[in-house]
Amino acid sequence: MKFANNAAPHWRGAESVPVLMRQVLYALVPALIGLVWFFGSGIILNILVAAVVALGCEALVLRIRKRPVGLFISDYSALVTAVLLAMSLPPLTPWWVTATGTVFAIVFAKHLYGGLGHNVFNPAMAGYAVLLVSFPEDMAAWPLPRGVAPDQQALSLLTVLQYWATGAMPIDVSVDAFTAATPLNSVKGQLGMMRTMQEIVGGPLFGNIAGRGWEWINTATALGGGWLLYRRIIRWQIPTAMLIGLLVPALVLYIVDPATHPSPAFHLLSGGTMLGVFFIATDPVSAAASNRGRLIYGLGIGIITYVVRNWGAYPDGIAFAVLLMNLAVPLIDRYTRPRIYGHGT
Amino acid sequence: MSNGRTSNQALPLPAWGVRLESRKIAAETGPINKMPPPGELIVALKQNVGVPAEPIVQPGDRVLKGQPIATAPRWGLGVAVHAPTSGTVTALEERPIPGAGGGTGESVVIEPDSKEERYAGYVAQPNPLGLSPPQIRNDITEAGIVGLGGALFPTATKLNPGSGIQALILNGVECEPYISADNALLIERSDQVLLGAAVMLRALDCDECLVAVKADMAEARAAVQEAIDALGDDRISMVVVPAFYPAGGERQLIELITGKEVQAGGLPWDVGVVCQNVGTVAAVAKFFGAGEPLISRIVTVTGNGVGAPANVEVMIGTPIGDLVEFAGGYTDAAAGLVMGGPMMGFSLPHDQLPVTKATNCILVADQAELDPSVREMPCIRCGECARACPATLMPQQLLALARGPDYAALESQGLQDCIECGCCDYVCPSYIPLTSRFIEAKQGLWENHLVAQRSERALHRYEARGKRLERRERDRSNELQRQVDEIGAAGEIDAEALRQLKQRVKSKKPGDNT
Amino acid sequence: MVAGLLLLALLTGLLGLVLVVSARRIPADAITVVDRLDSVLPHTQCGRCGYSGCRPYAAAIAAGEADINQCPPGGDEVIVALSQLLGRPAKALDESFGLAGPPIVAVVDEDICIGCARCLDACPVDAILGAAKFSHTVIENECTGCELCIPACPVDCITVTENTSQLDARAAH
């Protein structure tokens, strides 16, 4: 009787790349619901565009690189990149903006570096950064959140579709009436005009803690992140360190001068904080490898995010913080190798 | 080390390792079955790390049960080998033996008779604890006892650490799935294990013995506790290890229990600990208590590919095919034959291989129990492998280095410290066969060292030869010069001879080898 | 403009001076280069590279007279090591110097050997054991497989076989 010849180990665990990636997608559902509830269905259009473009680019590049298309397309990694990018963009984004960012993310940031597992930069954030410098106006214009917009009806699906397809509103509708700066952006602008935080947060864009709608969206995002932690798809090191890196400087400066510095709670629930903490900084491919390294990596992202938010030219700094720390990963990895069993004490 | 621990509380889980389904189906099916002698026994002469035993029988000789058929050389970690039952030696030849290499080994082939006639050379020791430690070690080597956990390290050598041993740990933690041979042993023969432990404590001059069992082995735990209570020896206590893999690795177990790390290149006794598998300890007890050397062992025959999974006490040398037949034969689902567990066991190409002292489990797997053939994906650096690694390596980094391969970096990042437990493979979501890659890289590293060593030696010899030639040259010219001087000093002026000689000296320039 | 030019000229001059002084004061480590090249060669001393031994070949590489792909027994590993040391691109073995192959050892057919002792002198690592009028033998573990003894033998009793001692050593390991 002849038997199969396999190398040990003969068993494998249940986790696989596609399963992990799918879980990440499921975990984004609460955040998506929040975004749609407060900012309308535009985000869904973003996701559709990004997904189609990402999968198309992925298939094309895999074909050119002579890699098994079926195997890699079904790993869901391109889809995760697409959805993360789409959810970072304003819900009113013309389709070509989304498409440009996605092409850059998949073709340049991912495949030119060697594809899955080899990219130095987080593809979604690389795409986002390119859009931020290429289409600054589109990237700054967020629709007014539910409860603030003068007439929710006016921003109908048809209007959104038209804007999405052409980049312009119908003649009788003014874009400015429906869009505004995000709370982070608004804080930055108004602080520049010598107004105090107490005056700023009194505005209609602001809710109980942070921006209206944003506080709920961030909470929902954190919910999904918590589930990823529970499922052990991500580990605690990066999220915790990033929150510390963001909140400790925020707290210190808030105590020193609350009039010109938003509270740590505001930072916690503003902009892309939770998306960054749980979904973007935790992308394993472009993060540091060891536990100690991940603490440093997360801390760096948190601090840089705070620095950009507070002193930079852009309202939010997560994308730049992640990209900068991506660059530091080889260095971090080199100096944070864990001590090997049986070597020293 | 807490003295006299009798609590059933398991030790805390460490950061490394993986939790595996235990699948101890053989243990659930009942007691240890004793298998009668098969039609032919193939007893390999090398069943230990180190040098093989030297045969002392010829084809045609009649041997008795327990009679030595090969003796231990006095060097190189040798141990004796014995006839598992009475019968006739039919051949002394190379036979295929199980081993990762898949090669053959010199073996004594015995055709058993049904008499099971015992060899009279070994008798039970009425008072084994009265023997001196060197005598105990001598007897253990004589009895052919090696580490039955699979390492095959001569037990006597492990019992000779010098002074300063604080604890003897009996390893009953079978952390691999399926394997339940030690579990069955502890349930049925804990008293025997404790007798062996007492002998070992005497050999080690040590006062503490910890019997390590796994948290999910309730029956074995109860049996051990009962035996400890019955014996009333307060040097012996039980310690419960959490059920995870690889808790039963020697270094891992020592780390779990004592918190101490055995340094790379060191041995457990450096941290005052000696670790012995419970099966080994029982074999020691059998020799001193019943005069029976190591001629049989308990093997778990299990998996969905075998009819009646069971723990079988089987003679060393029994063909695995006969053993599987005894355990109900193959089912239609049988697809793979593995010696050992699913994590570290190796595939056997066929079943005409004998049971050796290292055979703790024969896993007859169906297709689903084997590694499902899935496509390898690129590493996504998730770091789960580094979390699971008991040697705290970073397998993801080693993998990248092994691709080069960059041997210098592999060595500095601990390739040699990999224990090949397979945890990294198990947790890898990209299905990368990390362990195989590391075994391959280790081989390459070893070859690299060898080439470097050879080159260094060649250089050394080349330089030595250069010096030798130079010396010879110098001696020759000195001798010629001496002759010239002698002739000159003698005052007999043979102008022609002197001229010739001077010519010869001149023509012999230094560095000219001819 | 003039000030800028002057400043730049001054700077260039200063830096040049530093370079000149350092070149004079710090001796060029020619010996170290040869040593390091020599250390990665296989030391078979076979002379197939066209030089009388490994060290002369290393010296020739350092002097720019020889290329890095002239060592057949070293094979690709040695070429890669040399290219890394020198920062030059690796290139395929120049097969006019010989083919890379598995490690080999010389074997003396003791039935034919007449005990002339000529091979003893030919061996660069003193790996042949014997005395005049007695059959010789090769110390397998020390033989580098350089084949220099083969032409020295007047009765052609030396052959080479694949060196299996490495495999045995691994098995024992």
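Listed values, structure above:
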read-out	value
Gain on full stretching of the segment that runs from residue B:113 to residue B:226 - 0.36 nm per residue minus C-alpha separation	36.7 nm
When the stretch C:48-98 is reduced to its Cα atoms, the Kirkwood hydrodynamic radius in Å	10.7 Å
Virtual paramagnetic centre 7 Å along Cα→Cβ of residue B:463, amide N under 20 Å, in the stretch C:39-53	C:39-47, C:52-53
Using distinct alpha-carbon pairs, which all enter the 1/r mean, Kirkwood radius of chain B in Å	25.9 Å
Virtual spin-label span in nm between residue B:456 and residue B:499, 7 Å along Cα→Cβ	5.7 nm
Nearest 10 degrees, 0 to 90: helix A:157-166 Cα axis against chain A principal axis	70 degrees
Largest to smallest accessible area among B:21, A:58, B:384, B:456 [probe 1.4 Å]	B:456, B:21, B:384, A:58
Cross-link partners of residue B:214 among aspartates and glutamates (Cα-Cα below 13 Å; sequence separation of 8 or more within a chain)	B:174, B:176, B:182
Rounded to whole Hz, the Karplus (6.51, -1.76, 1.60) HN-Hα couplings of the stretch A:114-126, x for glycine and proline	x, x, 3, x, 10, 5, 7, 9, 5, x, 4, 6, 5
Expected 222 nm ellipticity per residue - DSSP helices of 4 or more, -39500 (n - 2.57), all of the protein assembly as shown, to 500	-13500 deg cm²/dmol
FRET efficiency estimate (nearest 0.05) - Cβ-Cβ, residue A:343 to residue B:151, R0 22 angstrom	0.50
³J(HN,Hα), Karplus 6.51/-1.76/1.60, whole Hz, each residue of the stretch B:387-402, x for Gly, Pro	5, 7, 5, x, 8, 6, 8, 10, x, 4, 6, 4, 4, 5, 6, 6
Largest to smallest principal axis extent of the C-alpha atoms in the stretch A:72-205, angstrom	49, 37, 23
Set of lysines near residue B:506 by C-alpha distance (under 22 Å), chain-local residues within fewer than 8 positions excluded	B:467
Highest average packing first - B:354-364, A:173-183, Cβ atoms within 10 Å	B:354-364, A:173-183
Whole-angstrom gap from the stretch B:266-280 to the stretch A:233-308, using each part's C-alpha centre	47 Å
Globularity ratio of the stretch C:1-115, using Cα Rg and 2.2 N^0.38 Å	1.70
Nonlocal amide H pairs with residue B:239, under 5 Å, H built at 1.01 Å	B:211, B:212, B:213
Listed residues C:21, C:40, C:138, most fluctuating in chain C (Gaussian network, C-alpha, under 10 Å)	C:21
Extent along principal axes [Cα atoms of chain A; Å; largest to smallest]	80, 50, 31
Pairwise FRET efficiency - residue A:4 versus residue A:327, Cβ, R0 = 51 Å, nearest 0.05	0.65
Label point distance in nm, residue A:59-residue C:126, each placed 7 Å from Cα along Cα→Cβ	7.4 nm
Cys residues of chain B counted as unpaired, since no other Cys beta-carbon is under 4.7 Å	B:175, B:206, B:209, B:275, B:361, B:379, B:382, B:389, B:418, B:421, B:423, B:428
Phi to ³J(HN,Hα) by Karplus 6.51 cos²θ - 1.76 cosθ + 1.60 over the stretch C:60-76, Hz, x for Gly, Pro	5, 5, 4, 7, x, 8, 10, 8, 8, 10, 10, 10, x, x, x, x, 4
Cα shape, the protein assembly as shown, gyration tensor, a/c 1.5 rule	oblate
Leading residue at positive end of dipole, the protein assembly as shown (Cβ point charges), from B:289, B:66, B:451	B:451
Sorted peptide list for A:286-299, C:49-62, criterion being average Cβ within 10 angstrom, highest first	A:286-299, C:49-62
Surface accessible to a 1.4 Å probe, per residue, for the residues of chain B, Å²	42 Å²
Extension gain from residue B:15 to residue B:58, taking 0.36 nm per residue of separation minus the Cα-Cα distance	10.0 nm
List of the stretch B:396-419 residues, accessible area with partners at least 30 Å² below that of the chain alone (1.4 Å probe)	B:397, B:413, B:417
Long-range HN-HN contacts of residue B:275 with modeled amide H, under 5 Å	B:169
Spacing of the two label points (7 Å from each Cα toward its C-beta) at residue A:334 and residue B:263, in nm	2.9 nm
Percent accessible area from carbon and sulfur atoms, the protein assembly as shown, protein chains only, probe 1.4 Å	59 percent
The stretch A:160-273: radius of gyration over Cα atoms, expressed as a fraction of 2.2 N^0.38 Å	1.31
Proximal lysines relative to residue A:110, as straight alpha-carbon distance under 23 Å, when same-chain residues fewer than 8 apart are discounted	A:66
Gain on full stretching of the segment that runs from residue A:198 to residue A:223 - 0.36 nm per residue minus C-alpha separation	6.1 nm
Cα-Cα over 25 Å, subset of B:286/B:357; B:34/B:115; B:115/B:286; B:24/B:158	B:24/B:158
Average beta carbon contacts from partner chains per residue of A:331-343, 10 Å cutoff	6
Protein heavy-atom accessible area occluded, B/A pair - total, 1.4 Å probe, Å²	4600 Å²
Rounded to the nearest 20 debye, dipole of the stretch B:67-136 from Cβ charges on Lys, Arg, Asp, Glu	300 debye
20 °C / 1.002 mPa s Stokes-Einstein diffusion coefficient of the stretch B:236-281, Kirkwood radius on C-alpha pairs, µm²/s	187 µm²/s
Whole-Å semi-axes of the ellipsoid equivalent to the stretch A:183-335 (Cα gyration tensor, √5λ, descending)	28, 17, 12
Calculated FRET efficiency for the pair residue C:92/residue B:352, C-beta based, R₀ 51 Å, to 0.05	0.65
Rg/Rh (Cα only; Kirkwood hydrodynamic radius) as it applies to the stretch B:375-514	1.57
Amide H partners (placed H, <5 Å) of residue B:146, local residues excluded	B:155
Averaged over B:429-442, number of beta-carbon atoms from partner chains that fall within 10 Å	3
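The values are calculated or read from the model by the stated rules, or taken from the named source; none is laboratory data. This one's a predicted model, so the numbers in the text were calculated from it and none came from an experiment. Every residue, glycine as well, gets a Cβ built from its backbone with ideal geometry; the counts of neighbours run over all protein chains shown. These accessible areas exclude ligands, DNA and RNA; they are computed on the full protein's heavy atoms, side chains included. Shrake-Rupley method; radii C 1.70, N 1.55, O 1.52, S 1.80 Å.
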